[in-house]
Structure formats: structure tokens, C-alpha cells
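Take a look at the structure below.
Rule-based calculations on the coordinates, nothing more; no lab input. These numbers were taken from a predicted model, which means no experiment stands behind them. Cβ atoms come from the backbone with ideal geometry, glycine included; neighbour counts cover every protein chain shown.
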Amino acid sequence: YREKILAGQHWVITAGPTREAIDPVRYISNHSSGKMGYAIARAAVNVGARVTLISGPANLAPPQGCQTIQVNSALEMHQQAMALAPEADIFVACAAVADYRLADVATQKIKKTADEMVLNLVKNPDIVADVSALTERPFTVGFAAETQDVEQYARGKLSRKKLDLIAANDVSRAGQGFNSENNALTVFSADSATEIPLADKQQVAGQLVTIINQAYQAKSSPT
Ligand code: C5P
């Protein structure tokens, strides 16, 4: 039995990678497994939240008790997030969104004729930054996967994207982060840093949900 401390809250969570089509049979993507985002969705459901999970292509079963919306590209994820976020209390951007997409997607399979080939890419919208810029704005939480100077880069993203919290992990450390079963996070706000020590992602997600809820409650009813 666990107390339903999030009863009445609607969480919208993005998870997994995105796929940016090159032609009908090829795409650009990344190694995100979606495990962390799915674990956060389960953890929030477990303590009573209504959860909508916007997921890029991940080889994971949709978590029980939440609505899962499957998307492929960053533009599709952006569209779903912008539609759902105004109704959300808390938005957690855990997805590894592709920074760039093809300027032009070929309508037919590209043939292997040229010896060299250049793909023109254009920048994707920053989903979490666009959500936090909404006038009807949920409490907004981002992630920062870094290989060096974790605190400096995470705090930069916190202020640049106008986030309430950012959960940072050092993906250069063995056995945590991308595609791993385990993770360790440091959660930064403008004036605090909270460590979540290395543990399996479901355990880390449970602690993260508690930290997010505490910060959300503190912001909603400042003392
Ligand atoms: O700038 P960077 O990609 O490192 O920021 C990571 C954070 O921003 C994550 O929370 C990620 O989900 C979010 N993000 C996003 N849309 C993008 C790029 C990143 O929501 N296009």
C-alpha cells in the first residue's frame, strides 16, 4: 500500500528516442531506451497521478494505468506535447529528442549511386522550452544527459529553457544512464541540488517523483 500523494494531478511525460525519416525505409535516431521515462510514468501512477506518456519508438510495454501516445518524429512529439501540456499540472521531458531532422524527406528509397552524399538537416523545435513558454504553463521538469561539467551545463539548461527543475546524469559513467538498468541523478532547481544515488531506474524514478511533487507543492503554496 502506498499513499496516493499525487491524487488529482495530471502528469504529461515524454520518453524514448525520436526517429527522423531520411526516406521511406531509413531514419536518424539515438540510443535512448525509454526506460527512465517509462519508470517515471509507473512511479507517478503508483502514487495516484493521472499520467499521459508521449513515447517515441521504445521496445517497452506501455505502463499499466496510464494513457500512452506513440509518436515517431520530434515534430509529432512536439505536436502532442503542445496539445496536452496546457492541461497538465506537471510536464516531465525525459525524451531524447533528435536535435535535427531532414530538411527534405525523400519520398522514394534513395538509390546507392553517388559515392558521397550530403544530408541537409534543420533544427527541431525544443519541446520542453516551448512547453515552459506557454501561458497556461505546467510545472516543467527537464533532463540533462552530460559527459562533462554536469552541474554547469544542467544549470545552463535550467535557466535557458526556463525550467522549474532539471534532472542531470553523467552518461560517461559506466553502468548508468543511456540504455542501462541503473541511473543516478542530481536534481537542480534555481537554488538547490538534490542527489539521487545510483539504483535501478524504477527506484530512482520513485525518488524523483517525490522530489518533483515537493517542489511543485512548494511553488503552488509558498510559505
Ligand atoms: O538541450 P538538451 O537536448 O540537452 O536538453 C535536454 C532536455 O530538453 C530534455 O529534458 C529533453 O527531453 C528536452 N528536449 C526537448 N526537445 C528537444 C530537445 C531536448 O524537449 N528538441
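Could you derive backbone 3J(HN,Hα) for the stretch 28-43 from the dihedral phi with the Karplus parameters 6.51, -1.76 and 1.60 (θ = phi - 60°), listing whole Hz in sequence and x where the residue is Gly or Pro?
9, 8, 9, 8, 4, 8, x, 4, 5, x, 5, 5, 5, 4, 4, 4
Once you've got the GNM for the chain with C-alpha springs shorter than 10 Å, pick whichever of Val122, Val187, Val71 has the biggest mean-square fluctuation.
Ranking Val122, Val187, Val71 by mean-square fluctuation puts Val122 first.
Of the chain, which part is the longest with no GluC sites (Glu not before Pro) in a loop (DSSP not H, G, I, E, B) and with at most 16 other C-beta atoms within 10 angstrom?
Longest gap between qualifying sites, sites excluded: 4-115.
Please identify the longest segment of the chain free of exposed trypsin sites (Lys or Arg not before Pro), where exposed means a DSSP state other than H, G, I, E or B and no more than 15 other Cβ atoms within 10 Å.
5-108
P(r) of the chain in 10 Å steps, Cα pairs, percent per bin?
Here the calculated profile for the chain is 8, 33, 36, 16, 5, 1, 0.
Using just the Cα positions, wrap the stretch 14-58 in a convex hull and report its mean projected area in square nanometres, one decimal place.
That works out to 3.3 nm².
Mind listing the long-range amide H neighbours of Ala144? Cut-off is under 5 Å, sequence gap 5 or more, other chains count too, H placed in the peptide plane at 1.01 Å from N.
Under 5 Å from the amide H of Ala144 lie the amide H atoms of Ala167, Ala168, Asn169, each far enough along the sequence or on another chain.
Hey, what number do you get for the chain at 222 nm if only DSSP H runs of n ≥ 4 count, each worth -39500 (n - 2.57), divided across all residues, to the nearest 500?
-8500 deg cm²/dmol
I'd like the antiparallel share, as a percent to the nearest 5, of DSSP beta bridges with both residues in the chain.
40 percent
Distance from a point 7 Å along Cα→Cβ of Lys109 to each backbone N in the stretch 1-27: keep the residues under 20 Å and list them by number.
The answer is 20-27.
Can you run phi through the Karplus equation (6.51, -1.76, 1.60; θ = phi - 60°) for the stretch 177-194 and list ³J(HN,Hα) in whole Hz, with x for Gly and Pro?
Along the stretch 177-194, the couplings run x, 2, 6, 8, 7, 10, 7, 9, 10, 10, 9, 9, 10, 4, 10, 8, 9, 10 Hz.
I need Asp23, Asp89 ordered by Cβ neighbour count within 10 Å, fewest first.
Least to most surrounded, the residues fall as Asp23, Asp89.
Select from the stretch 1-102 those chymotrypsin sites (Phe, Trp or Tyr not before Pro) which occupy a DSSP coil region and have at most 12 other Cβ atoms within 10 Å, ordered by residue number.
Passing sites in the stretch 1-102 are Tyr1.
Please arrange Val45, Val25 by how many other C-beta atoms lie within 10 Å of their C-beta, fewest to most.
By the 10 Å Cβ count, ascending: Val25, Val45.
What ranking of Met36, Met82, Met77 emerges when the number of other C-beta atoms within 10 Å of each C-beta is taken as an exposure proxy, fewest first?
Met82, Met77, Met36
Rule-of-thumb check for the stretch 13-111: C-alpha Rg over 2.2 N^0.38 Å?
Relative to the 2.2 N^0.38 Å estimate, the stretch 13-111 comes out at 1.14.
Kindly express, to the nearest 10 degrees and within the range 0 to 90, the angle between helix 201-220's C-alpha long axis and the longest C-alpha principal axis of the chain.
Roughly 60 degrees between the two axes.
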